[in-house]
Each structure stands twice: as structure tokens, then as C-alpha cells.
């Protein structure tokens, strides 16, 4: 008798750790994409201004505004363009190709003088002469703030001075043209006779032909930097999806909703912990800021992939799904849920035993035409609903002058969670009705987010599905019964 065969033993699959390189690539790609926005926006603004904001002479001009004083002169504050020529070489490259235009016209019929001279020469010329210095200008409505300098001396005719680097004088509109160069300058507007009482309509302009070249250069540079960041980001996302120990791809059909959000209420909840959760979540806020920047870039890349192929790249889909999972866990722990005191894990993967879960089925095919309109036109009604559900109010905590932590705290979700927090503080329990409604409202939000981020084509239903789990879909109609197979009629034969 032979020994009984034993069942073969299998060792558990080796756990795959997330490669550090993929995380570095994702972070670097997201930051580079963010940096690329500055030259892209700057180049776009310059190109727009060059194409639409110049007059027939090629000048960028300001509206005509009224300046007036009862004293003898109106002057600008010091215009500091650098004290020594050559010290600001980059500035000089642009300044030497920039022409300033000043146009003034007296409203009282006086001969008008407008000139530019060094600040020191203007101070000596107007020493002891009453005049008004323009400190600031505010538009819409226009208002100029002046600093009035007292004096007892009568002003000499300005044309008698040899201090002007550019000037214009006469009746009617007078136009001054001056090429910028280094120095400390002041603009002076007077009556040509030096008499007090100056009232003029004035406008300023500048011709800068380098704006076109700079705008093109910034735009091209921004596109190149954005492309580099996008490549690094996509490579990092693909490596992250392949190297993660947890499947990120959302694959597998589900006989129900393609987007499934659940939130299990943990009990008991701490009465006091929710007061400091915003501090505990700061590390998550920092990481999510980078992840959501990457999420936006990945969504743009997926847009073009869907437009040309009808498919959402699986690795990119898995990354965005991971960002949504991470966000839902943080929000559920924090101030969009307060449903658990278990600290959320730092992972993009699915964590089935965590009280907050989110799954989105991967779509094998997406509409190429729908991708053009669903994220803005078709989603407009949903955006209005989300404005009520999520609101636009933020609570911020500033650290220094450059950055701050802001968490959503407005809308219906914020209001309900606040009521729940008060109940937890005094009773130690989360009101069941409020909890069901909070999870249902969050479920609505994430359905819309998945739709507008192009992850599904099914339009989010205008339906508030409350409760911790996705509602069971009603059973469909039974399949029609198959017709019974026809029985052959008996054949009757008679004996021969």
C-alpha cells in the first residue's frame, strides 16, 4: 500500500514593495509640471497682450485720466531704473528696446510742458516751489493720491532748464517719447510759463517689440518643461502601478454600480480627537497636494488617449483611482466624515479592512466624442449640486508668508459634520441619521469626480443613496420563459 499523496503546499506570493524610484519620479514630474505653469501663463499673457492690447502705433497705452493741482507742477515719485548703467545688463537689454510715450493736454487752454529729468535735477529745479507729487494711482474708478510740497518761490519756465533728457511743449496735446535707460528719473508736468494751476488729461504708453519674442520663448520653454514633467510623471505612475503590492487597476466587473463608495462607522469614537485631526492630517495634506497635481496632469494625458484610442491607459487609471481612494480615506477620517479614529494609511492601493473604501471598475472602452463635453458642459448641473453639497468655504492655517494648509469646511457636508462633531463631543456617539446622510453626500461627490475626471461614461445619477454601503440594485425582470418544445403528434396506423 503506497503512502497517501499529500496536497502540494504553496508559499504565499512575495510582497512587492513600492519602488522608491517611482515615487521620486511622480513627485519630480508633478513639481516640474507645476513649475512649467509660470512660463506657460507668462508667455500666454504676453502673446495675448501683444496681439490685442496695442494701439495702431504699436504702443501699450493706459486710459486717459485727469491730473490737477493748484500748485505749479505735478511730478511723479522717483522712477528707479538702476543708478549705474551696465549694472543691470539684463534690464538694459530690454530697456534699450523700449520706448515710453507720454501724452498730455491742458484742459484750460494753457501751453503745456511735459519732461523727464533725473530726480536730483528735478529736486533742485523745484526747490522752494509748491508742487504736487503723485504717490499712487487707483483705477476703476480712477483716483490719484498726491503729496503736496509747500513752497514760496515762483517756478521758472521749465524750458529754460537744460536738465531734460526728453521733453515736449506747446498748445494742444503734447507727446513725449523717451527710450528707457538706467538712472533715477522723475516726470514733470507744468504750464509752459511756470504759472500755478495745472490741469491736464494724460495717458502713458510703451512700445516694447521684445514682448513678442519673450512671449514665444516663454511659451515654448513652458511646453518643453511641461513635456519633461509629464514624461517623468507617467513613467513614475506606470512603475508605481506595476511595482505596488496592491492592484491599483480597479479591474474586475461588479454586478452593480461601477463606482462603489462605502464608509463603516467605527464605535466608540473619541470625544476629543476630532479637535486636533487637522494637525494630525498635515502630512497627508502635503502628500495629497502633490498627488492631486499629478492627478490633474494624468487626467489631461488620459483625455488625449481616450480621444484617439477610446481607452483610458490602465496604469494611469489605477493611479488616479489610488489618489481618489487616498483622498476618501483622509476625508472620512477628517472633516468630511469623522467616521473613524483609525489613522489613514499612506497608500494608493485598496485597503479592504479600512472603514472607508472606494472602488471604480476599469472601463474597457470609453466614448471618444463624450470626452470632449462631459467634463464641462454635461457636468454643469452636477457642479451646481456640488456647490451646495461641498460649498466653497475653507478653513486655513497659515505657516509663514508662503504656504498654508486649507481644508474644506463649507457646504452641506461641512454643516452636517459640524453637528456630528458636537454630538460626539457631548454624547460620545455619532447620530445615525446624520451619518447616513454624510456618507450619501460624499458618495454623490465622488461619483461626479470620477465622471469629470473621465474615468467612467455613466452619468452620475441625481439620487442620494444614503447609508454606509452602496444600495442593492433592484432585481431586474425575470427572463422570458422559453417556449416548450413542440411534441410530435402520434401517428395512427391501421392494420393491413
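Every number here is computed from the coordinates shown, using simple stated rules; none is lab data. Model, not experiment: these values are computed from the prediction. Glycine also receives a Cβ, built like all others from the backbone with ideal geometry; neighbour counts cover every protein chain displayed.
Assorted remarks:
- Mean Cα-pair separation over length for segment 251-452, i.e. relative contact order, pairs under 8 Å, 6 or more apart, %: 28
- Fewest-first sequence of 107, 75, 340 by Cβ atoms within 10 Å of each Cβ: 107, 340, 75
- Put simply, the Cα atoms of segment 146-239 extend 79, 28, 25 Å along their principal axes, the longest span coming first.
- Put the Cα centre of segment 133-181 next to the Cα centre of segment 288-341 and the gap is 58 Å.
- With coordinates expressed along the principal axes, the C-alpha atoms belonging to segment 251-452 extend over 56, 47, 32 Å, beginning with the largest.
- Likely footprinting exposure, 181, 284, 153, fewest C-beta neighbours within 10 Å first: 153, 181, 284
- Applying D = kT/(6 pi eta Rh) to segment 60-210, where Rh is the Kirkwood radius over alpha-carbon pairs, T corresponds to 10 °C and eta to 1.306 mPa s, the Stokes-Einstein value obtained is 100 µm²/s.
- Computed over segment 315-360, the ratio Rg/Rh where both radii use C-alpha atoms and Rh is Kirkwood: 0.96
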